[in-house]
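Visitor: Got a structure for you, questions after.
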């Protein structure tokens, strides 16, 4: 019997592992964007890349019908384990999968690079793909491969919500004024906040980021700029809303 009241939030120590903050508030906010601006419907299939401890899954438990479905994958085992043990038994159409992908920050001993990873799903399997704070930890070749794989597993009417640290004239100026939470150093076509651990926080030139999607014939529906660099905004990272 599906009942969200049978599922408690993840423990606080797991929240910290995945960025902390207001677990319910952040999740509800992001799913609200998907519903309002990307027209997410209860019967649709959703893929959550970097699913963590289910921050985006929780609000979907109350929204997606049994006809709809959710799949999430992550390279950090504790989150996948908690979600698989606490969510899937009550909601079997919510599935969580551990993948062994290299990340200097989260999974430094993995053999498979994100640039070579093949999503473990069939073609045209999903209506919406969400990536919250994923591309902010990835190198250019990794992102290009993920966009190719998203193109493959998305339906003909599929949509994408992805967050970035977008570097443009405004964010550059605010960084120069010392108002940003990150001081990015430019490394060729990407930026990093920590040269000793480049994947800890990665930024991209805005035009380059948009072009990566446009090369695969995706359309940028809207950019919702975040407050990470010191501008006013209700979101921390910059949110890209993308359609076919």
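Visitor: Here are 242, 220: which of them is in contact (Cβ under 8 Å) with a residue 40 or more places away in the chain, within 21 Å of residue 47 (Cα to Cα) and not in a loop (DSSP other than H, G, I, E, B)? Outline the logic, then answer.
Guide: Numbers: 220 fails: in contact (Cβ under 8 Å) with a residue 40 or more places away in the chain.
Just a single option satisfies the conditions, and that option is 242.
Visitor: Evaluate the range 157-167: report whether one residue or more is surrounded by fewer than 16 Cβ atoms within 10 Å (Cβ to Cβ), under 27 Å from residue 126 (Cα atoms) and out of contact with any helix residue (DSSP H, G or I) (no Cβ under 8 Å at 6 or more places or on another chain). Before the answer, list the steps.
Guide: Restricting attention to the range 157-167, the residues satisfying the condition of being surrounded by fewer than 16 Cβ atoms within 10 Å (Cβ to Cβ) are 157.
After this cut, where a residue has to be under 27 Å from residue 126 (Cα atoms) as well, the list is 157.
Okay, now just the ones that are also out of contact with any helix residue (DSSP H, G or I) (no Cβ under 8 Å at 6 or more places or on another chain), so 157.
Looking for residues that are surrounded by fewer than 16 Cβ atoms within 10 Å (Cβ to Cβ), under 27 Å from residue 126 (Cα atoms) and out of contact with any helix residue (DSSP H, G or I) (no Cβ under 8 Å at 6 or more places or on another chain), one finds at least one in the range 157-167, hence yes.
Visitor: Could you check, for the range 40-47, whether at least one of its residues is in a helix (DSSP H, G or I), over 21 Å from residue 202 (Cβ atoms) and without any contact (Cβ under 8 Å) to a residue 60 or more places away in the chain?
Guide: First, the residues of the range 40-47 that are in a helix (DSSP H, G or I): none.
No, the range 40-47 contains no residue that is in a helix (DSSP H, G or I), over 21 Å from residue 202 (Cβ atoms) and without any contact (Cβ under 8 Å) to a residue 60 or more places away in the chain.
Per-residue answers, yes or no, for (1) at pLDDT below 95; (2) over 19 Å from the mean Cα position of the chain (by Cα):
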site: 191; (1), (2): no, no
site: 197; (1), (2): yes, yes
site: 202; (1), (2): no, no
site: 207; (1), (2): no, yes
site: 210; (1), (2): no, no
site: 214; (1), (2): no, no
site: 221; (1), (2): no, no
site: 239; (1), (2): no, no
site: 242; (1), (2): no, no
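Visitor: While we're looking at this one, here's another question. Looking at 62, 67, 36, which is the one that is surrounded by fewer than 21 Cβ atoms within 10 Å (Cβ to Cβ), without any contact (Cβ under 8 Å) to a residue 24 or more places away in the chain and within 29 Å of residue 221 (Cα to Cα)? Outline the logic, then answer.
Guide: Values: 62 fails: without any contact (Cβ under 8 Å) to a residue 24 or more places away in the chain; 67 fails: without any contact (Cβ under 8 Å) to a residue 24 or more places away in the chain.
Exactly one residue qualifies, and that residue is 36.
Visitor: Also, quick follow-up: Would you point out the residue of the range 123-149, among those that are without any contact (Cβ under 8 Å) to a residue 40 or more places away in the chain and over 22 Å from residue 189 (Cα atoms), that is surrounded by the fewest Cβ atoms within 10 Å (Cβ to Cβ)?
Guide: Selected residue: 123.
Visitor: So, one more: Being within 23 Å of residue 38 (Cα to Cα) and in contact with a helix residue (DSSP H, G or I) (Cβ under 6 Å, 6 or more places away or on another chain) is the filter here, so list the residues in the range 214-236 that pass it.
Guide: Answer for the range 214-236, where residues must be within 23 Å of residue 38 (Cα to Cα) and in contact with a helix residue (DSSP H, G or I) (Cβ under 6 Å, 6 or more places away or on another chain): 216, 220.
Visitor: Tally the residues that are surrounded by fewer than 15 Cβ atoms within 10 Å (Cβ to Cβ), part of a loop (DSSP other than H, G, I, E, B) and either out of contact with any helix residue (DSSP H, G or I) (no Cβ under 8 Å at 6 or more places or on another chain) or touching a residue at least 60 places away in the same chain (Cβ under 8 Å) (or both), restricting the search to the range 168-213.
Guide: Here the count works out to 8.
The values are calculated or read from the model by the stated rules, or taken from the named source; none is laboratory data. Because the structure is a prediction, the values reported are computed rather than measured. FYI the Cβ positions are ideal-geometry reconstructions off the backbone, even for glycines, and counts take in every protein chain you see.
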